[in-house]
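The values are calculated or read from the model by the stated rules, or taken from the named source; none is laboratory data. For clarity, every value in this text was computed on a predicted model and none was experimentally measured. Positions of Cβ are generated from backbone atoms using ideal geometry, with glycine treated the same way; all protein chains shown enter the neighbour counts. Accessible surface areas use protein heavy atoms only, side chains included; no ligands, DNA or RNA. Shrake-Rupley method; radii C 1.70, N 1.55, O 1.52, S 1.80 Å.
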Amino acid sequence: MSTLFTDARLIDPVSGEERRGDLRIEDGRITAPGPAAQVVECGGKCLAPGLVDWGVKVGEPGERHKESFRSAGQAAARGGVTTMVCRPDTQPPIDSPEILAQARSHAEEAPVRVHHMAALTKARSGGEMTEIGFLLDAGALAFTDGVRVVRDARILSRCLTYARSLGALVVAHPQEPSLTAGTCVTSGKFATLRGLSGVSPMAERMGLERDLALVEMTGVRYHADQITCAAGLPALRAAKAAGLDVTAGTSIHHLTLNALDVADYRTFFKLTPPLRDEDDRLAAIEAVADGTIDVIASFHTPQDEESKRLPFEAAAPGAVGLETLLPAAMRLYHGGHLSLPQIWRAMSTNPAQRLGLEGGTLEEGAPADLVLFDPDAPFVLDRWTLASKAKNTPFDGARMEGRVLGTWVGGRRVFGE
Amino acid sequence: MFRQPHLLGIEPLHPLEITEILDLADTYAESARAGERPHRPLQGLTQVNMFFENSTRTQASFEIAGKRLGADVMSMAMQTSSVKKGETLIDTAMTLNAMRPDLLVVRHPQSGAVDLLAQKVDCAVLNAGDGRHEHPTQALLDALTIRREKGRLHRLTIAICGDIAHSRVARSNLILLGKMENRVRLVGPPTLMPAGVADLGVEVTDDMEEGLRDADVVMMLRLQRERMDGAFIPSEREYYHRFGLDAAKLTHAKPDAIVMHPGPMNRGVEIDGTLADDINRSVIQEQVEMGVAVRMAAMELLARNRAG
């Protein structure tokens, strides 16, 4: 089966260029242009590699009422996400090959590609390391305790040393946990007026600097999950300049929202780490533009209504994002901050490369994981229309621009007519 | 002028609304002193006090205020009720709402909890203190006390001293006093000073002498030991030495400066016991008296708005 996409605005993040033209796929892969059995007339709309969303929380095992692989996969398809890389912070956590195998079997219900990270320490408790070797064999792409920080530097250094020997990628949440404990917003004037306990952005710098020292010591492959403020950027730049095998990500919410959006205790804006000041938001965008931050992801975190309908301090953190990742990123494009190829490098090419996955490119031979979208189509988001079981999006009622028209995974259309 | 559906904080109030509450409260204070019984504007209305956090004086003050105005008052100690059985705040609110109270007075240990509750009920809600956020009737009673003592509520220098970080009283007061165009100084150790507070249009210092200089009003705050989750000060005796108010430190303020405290006091920690009892300087008892008057005024105005 072959398909020809005609008259598309092709977004090629690898070359960094856009061009008007055709793209042909056959048997699940991109091929040289030529005639095809089926034609998709793109009418000048954008065609780009499908998004690779690194850090998705699905409620399986344990919290299927919040999100199943099926519902998350549908949300992904509607959002142009062709690969979900899932977090191990489930109940129980994915910390053994058996639990990983179980999760992988359930993941087949999703219409998009699903990969898993495994826990770095057993029960994500920061004590003993997991069976990193077995878990790699069972298909784990990376190792992380999610937003839990391994407090003990000696234990972490052993985990990193062991992971290094297997070439495993470790993903950490760089925050100083003794400073973040009990806080729910970024410290400052707004936190003070609302009477909420805040944490200084310096906690992120401290966490990152500790981790980078251990990376230098052990030589492990390291990825910081979310860099959200200016304070940590110099250390990150220095580590990259020194040649350490380090990459960093950030969340789309931290690039498009700031601390003031919490307004009158809106719990859908309660995130981990908390939303930052506007200066930090702009610094993070700048860092994506210059390549210091490599990856933008949604950190899709489904929460049911009950866990959000609480006083702010008691409410659960996190936001869903699979379906809104692309339209939210269009704010950065329309705002003149990032070009489409830059955005696609951070949301497709870089995460794929870092995780050793195919995709993230329009080159011949690459998998036909594609998203067709209109970057200018306006709409007002209604959270009840989302495919996720959980509806906790901070963009409810927001004016958005950028609609996904079609999504293809391995050449098979999973969204759109 | 007073158009608010609820009294959730000082922040949403217009200065004229503040003045209207204070004016009405003043008449209630005067009639109470004259031994007159007020007319009963809340007759037939039901006032429910929901305190999710221990309180003696505030709860008693709201209860007396409601009863003086003729309301049927019920106080619920929420710590020993359905909350213990796992009911959420919103469910508690919905249940209570179905019983159709007219006024709901709520205290809660979490910031923003009273705002959340107010979104879910049909009656007027009064915030009696939420976490570290606001305690509007305390700021109003402080304002009324200052106005009666100083003859005005503008262009005064007011020093708010002590544990600012954990204090909702400080937040409501600095917002109110700022709205009424006073000069506000916050004095305390930097560990008890919340981040970004200097951006709120106040002066900040950790030196009592500098902070009290030429102040018209010295407002002491209670050291909130129960809200502290770590070491903020080395010891109470060092705190008292550096930040406790005594006659010697008070000499830096204006000769006619008044001393206030929202209570309950830690004598010998933030304030000298003798000074607190000095009827020439301390207005602490008057603050308690004005508390009833201000709460009467606030509840009457809210009830009027509800009646349309």
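In region B:172-193, how many residues are closer than 15 Å to B:His133 by Cα and without any contact (Cβ under 8 Å) to a residue 40 or more places away in the chain?
Here the count works out to 2.
Just give me the residues in region B:1-43 being within 13 Å of B:Ala293 (Cβ to Cβ), in a loop (DSSP other than H, G, I, E, B) and in contact (Cβ under 8 Å) with a residue 24 or more places away in the chain, in sequence order.
Answer for region B:1-43, where residues must be within 13 Å of B:Ala293 (Cβ to Cβ), in a loop (DSSP other than H, G, I, E, B) and in contact (Cβ under 8 Å) with a residue 24 or more places away in the chain: just B:Pro38.
When the residues of region A:231-275 are narrowed to those that are open to solvent by 40 Å² or more (accessible area, probe 1.4 Å) and assigned to a helix (DSSP H, G or I), which ends up nearest to the other protein chains (Cβ to nearest Cβ)?
A:Leu260
Run down A:Thr192, A:Thr228 and say which single residue is open to solvent by less than 20 Å² (accessible area, probe 1.4 Å), closer than 28 Å to A:Tyr265 by Cβ, among the polar types (S, T, N, Q) and over 23 Å from the mean Cα position of the chain (by Cα).
A:Thr192 is the lone residue from the list that is open to solvent by less than 20 Å² (accessible area, probe 1.4 Å), closer than 28 Å to A:Tyr265 by Cβ, among the polar types (S, T, N, Q) and over 23 Å from the mean Cα position of the chain (by Cα).
Determine whether A:Phe143 is aromatic (Phe, Trp, Tyr), more than 14 Å from every other protein chain (Cβ to nearest Cβ) and open to solvent by less than 40 Å² (accessible area, probe 1.4 Å).
Taking the combined requirement at face value, the residue satisfies it.
Considering B:Ala195, B:Ala231, which residue is assigned to a loop (DSSP other than H, G, I, E, B), within 14 Å of chain A (Cβ to nearest Cβ), under 23 Å from the mean Cα position of the chain (by Cα) and surrounded by fewer than 23 Cβ atoms within 10 Å (Cβ to Cβ)?
Checking each option against the conditions leaves just B:Ala195.
Could you look through region A:83-93, keep only residues that are under 9 Å from A:Met117 (Cα atoms) and touching a Ser or Thr at 6+ places or on another chain (Cβ under 9 Å), and pick out the one that is least open to solvent (accessible area, probe 1.4 Å)?
A:Pro88
Looking at the structure I just gave you, is A:Asp137 buried (at least 22 other Cβ atoms within 10 Å of the Cβ), away from chain B (no Cβ under 14 Å) and at pLDDT 95 or above?
So A:Asp137 fails the test.
Looking at region B:74-110, which of its residues are open to solvent by less than 10 Å² (accessible area, probe 1.4 Å), of a type outside the set (Val, Ile, Thr) and at pLDDT 90 or above?
Correct list: B:Leu103, B:Leu104.
Return the residues of region A:276-310 that are within 14 Å of another protein chain (Cβ to nearest Cβ), open to solvent by less than 10 Å² (accessible area, probe 1.4 Å) and not in a helix (DSSP H, G or I); say none if nothing qualifies.
If the condition is that a residue be within 14 Å of another protein chain (Cβ to nearest Cβ), open to solvent by less than 10 Å² (accessible area, probe 1.4 Å) and not in a helix (DSSP H, G or I), then A:Arg276 is the only one that fits.
Which condition number does A:Val215 fail, the rest of (1) in contact with a strand residue (DSSP E or B) (Cβ under 8 Å, 6 or more places away or on another chain); (2) open to solvent by less than 10 Å² (accessible area, probe 1.4 Å); (3) closer than 25 Å to A:Glu278 by Cα being met?
Just one mismatch for A:Val215, condition (3).
May I ask you to list the residues in region B:107-147 that are within 9 Å of another protein chain (Cβ to nearest Cβ) and over 21 Å from B:Leu89 (Cβ atoms)?
none
Does any residue of region B:206-218 turn out to be within 14 Å of chain A (Cβ to nearest Cβ), open to solvent by 10 Å² or more (accessible area, probe 1.4 Å) and not in a strand (DSSP E or B)?
no
Any chance you could count how many residues in region A:94-111 are more than 15 Å from A:Gly55 (Cβ to Cβ) and part of a loop (DSSP other than H, G, I, E, B)?
The total comes to 4.
Is one or more of the residues making up region B:34-57 open to solvent by less than 50 Å² (accessible area, probe 1.4 Å), within 17 Å of the chain's Cα centre (by Cα), within 20 Å of B:Thr145 (Cβ to Cβ) and more than 14 Å from chain A (Cβ to nearest Cβ)?
Yes; the residues of region B:34-57 include at least one that is open to solvent by less than 50 Å² (accessible area, probe 1.4 Å), within 17 Å of the chain's Cα centre (by Cα), within 20 Å of B:Thr145 (Cβ to Cβ) and more than 14 Å from chain A (Cβ to nearest Cβ).
Restricting region A:195-212 to residues that are within 14 Å of another protein chain (Cβ to nearest Cβ) and in contact with a strand residue (DSSP E or B) (Cβ under 6 Å, 6 or more places away or on another chain), which is surrounded by the most Cβ atoms within 10 Å (Cβ to Cβ)?
By that ranking, first place goes to A:Leu196.
Just checking, which of B:Ala113, B:Ala143, B:Ala159, B:Ala165 is in contact with a Pro (Cβ under 7 Å, 6 or more places away or on another chain), closer than 30 Å to B:Val204 by Cβ and not assigned by the TED database to the domain that holds B:Ala293?
After applying the criteria, what remains is B:Ala165.
Test A:Glu41 against the stated conditions and say whether it is of a type in the set (Asp, Glu), surrounded by fewer than 21 Cβ atoms within 10 Å (Cβ to Cβ), over 29 Å from A:Ser339 (Cα atoms) and in contact (Cβ under 8 Å) with a residue 12 or more places away in the chain.
no
Within region B:111-159, count every residue that is part of a loop (DSSP other than H, G, I, E, B), open to solvent by 10 Å² or more (accessible area, probe 1.4 Å), in contact (Cβ under 8 Å) with a residue 12 or more places away in the chain and over 30 Å from B:Glu209 (Cα atoms).
Total satisfying the criteria: 3.
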